[in-house]
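Contents: one structure, followed by commentary.
Taken together, the values in this text are just the output of simple stated rules run on the coordinates, not laboratory data. A quick note: this is a predicted structure, and the numbers were derived from the prediction, not measured. Cβ atoms come from the backbone with ideal geometry, glycine included; neighbour counts cover every protein chain shown.
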Amino acid sequence: MAITELELKALKSSDADANKRLTEDGMFGKVRKNRTGVIVFFEYRYRCPSTGKIRAIKVGTWPTNTLKEIRSTRNRYRADVEQGVDPLEMKTAIKLSKQADILTEQESAINRIEEIQSKMRVNDLFEHWAQMELIKRKDKGAEIRRMFNKDVLPEIGALGVNDVRQVHIASMLDKVLKRGVKRMTNLLLSQVRQMFLFAKSRAWVEVDPTDTLRKKNFGGKETERNRVLSVDEIAELVAKLPSAKLSDATTACLWIMLATLARVGEISKAKWTDVDLINKKWRIPAENAKNGIAHTVDLSDFAVRQFKILKVNQTCVVFVCPASSLDINQEPRHIDTKAITKQIRDRQRIKPLKGRTKASSALLLSGGAWTPHDLRRSGATLMSKLGMDSDVIERCLNHVEPNRMKRIYQQDKKEMPMGEAWRVLGQAIADIIQQTLDASNHIG
């Protein structure tokens, strides 16, 4: 007797408790309960063509499968039996075939990885890393590429990625360390390690050759830089600048950094479209800010005068600090972000470097060597001495509040106090400069 959909829909939980069975032309259904009601597990029973034994194979579950689908599966298996084929054996054979295909794919993948490992050089790895990871950085990996092209790739670039050993990395780092650049040595170790971790995550290398290398054995522990120019040193800088043979533009940039607490990269990349000298505003866009957060500086009268110096005799209408040459598309570009720092460093040497300025010691100050970035710290310190609130100074520095709850619930930007802080700082710097110049003229 044929099973009907109405019969299935009429089943109750009591039928499951009574172990009710449904039959139809070699197909048997077992009634069971689940959380949503009643279900029926169907199987097809047949005599094995090879052994003559009775066997059973699942053909579907109602209501997940319709009665029509279940019958279709039963009919397919019955046709197999009539052809002398055991459906269970066929099902097992298909499963084993799929497993074999998976193993074959795995073996092929392993072979592809081994082929990549055998052919890939460190030069190739670096390009993969640059395209996948370095491109996500703010400068698109330009600085790391420069560092690798100078110190890493000439040493290990031609080696196979699995041929690089700890001794190769250590030798490369020692050569950098001999130049006396400890921080650069540590940075290179960190970046090379990131590159090999990238390769390891993709099974391109079996072992990370940087795994046992530690910064303490190369660049050593890095100490926090806290150099601050005192008021006397700022006056000393005023007196020494005329003999330093810096351009008026570079000098103006130094004073802008001190008066605005801006970073050297921020003034180097600044565009005139972001500078409003009438309303005394300088917008530092997120892509130029180190922390990726846009920042607006209220320009003091002193800072405005410095920007006007930068504008004098300048033909470029795009960048505040334009490079002397155009980019590859013949478009204006800003100066290198390290250009100002190099000029200051070259003027604090005991002996001049070949081909560099002869005013090699012109900017050596009594407190020791200094960098343009120290001007930012010095300006913040001077703000504090002038009585500005520490929270306002942090805002002027564009520092992110470390306390998460304060960031969320205290979002007062302190625009008015910040503007006053920059105004007072600018006036203080102008006074120091004027007093130094007056003293020099008096002595003269």
With Cα springs under 10 Å, the Gaussian network model of the chain assigns the largest mean-square fluctuation among VAL38, VAL317, VAL424 to VAL38
Only helices counted: for the chain, with every DSSP H run of 4 or more residues adding -39500 (n - 2.57) and the sum spread over all residues, [θ] at 222 nm is -15000 deg cm²/dmol
Taking Cα pairs closer than 8 Å and at least 6 residues apart, the relative contact order of segment 231-443 in percent is 28 percent
Around ASP248 (Cβ within 13 Å, Cβ-to-Cβ, excluding ASP248; K/R +1, D/E -1) the net charge comes to +4
Links exceeding 26 Å between C-alpha atoms in this model, out of LYS9/LYS53; LYS20/LYS95; LYS178/LYS342; LYS68/LYS91; LYS140/LYS354; LYS136/LYS280, come to LYS9/LYS53; LYS20/LYS95; LYS140/LYS354; LYS136/LYS280
Label model pair SER97, LYS68: point-to-point distance (7 angstrom along the Cα→beta-carbon line) in nm is 2.8 nm
Relative contact order in percent for segment 311-386 (Cα pairs under 8 Å, 6+ apart) equals 17 percent
The percentage of Cα-Cα pairs in segment 5-85 separated by more than 15 Å is 56 percent
Its Cα gyration tensor gives segment 231-443 an equivalent ellipsoid whose semi-axes in whole Å, largest first, are 28, 23, 17
In degrees rounded to 10, the 0-90 angle between helix 301-311 Cα long axis and the longest Cα principal axis of the chain is 80 degrees
Flagged as over-length at 22 Å C-alpha distance, from LYS338/LYS385; LYS216/LYS351; LYS271/LYS311; LYS150/LYS245, the pairs are LYS338/LYS385; LYS216/LYS351; LYS150/LYS245
Per residue convex hull volume, Cα only, segment 122-217, in Å³ is 90 Å³
Whole-Å distance linking the alpha carbon centroid of segment 294-360 with that of segment 233-285 is 9 Å
Restricting to Cα pairs under 8 Å and 6 or more apart, the percent relative contact order of segment 122-217 works out to 30 percent
Cβ-Cβ cut-off under 15 Å around PRO322, Lys and Arg +1, Asp and Glu -1: the net charge is -1
Net charge near ARG193 (other residues with Cβ under 12 Å of its Cβ; Lys, Arg +1; Asp, Glu -1) is +1
When GLU420, GLU331 are ranked with the fewest other C-beta atoms within 10 Å first, the list becomes GLU331, GLU420
Note to self: Kirkwood Rh of segment 283-347, Cα pairs, one decimal, Å, is 14.0 Å
Candidates MET383, MET120, MET90; GNM for the chain (alpha-carbon contacts under 10 Å) flags as most fluctuating MET90
Normalised per residue, the volume inside the convex hull of the alpha-carbon atoms of the chain in Å³ amounts to 299 Å³
Cβ density ranking, 10 Å radius, fewest first, applied to ASP391, ASP301, ASP80 yields ASP301, ASP391, ASP80
On the formula 1/(1 + (r/R0)^6), with r taken between the Cβ atoms of ARG165 and ARG137 and R0 of 25 Å, the FRET efficiency rounded to 0.05 is 0.30
Comparing ILE278, ILE350, ILE335 in a Gaussian network model of the chain (Cα, 10 Å), the one with the largest mean-square fluctuation is ILE278
Helix 372-385 sits off the longest principal axis of the Cα atoms of the chain, rounded to the nearest 10 on a 0 to 90 degree scale, by 80 degrees
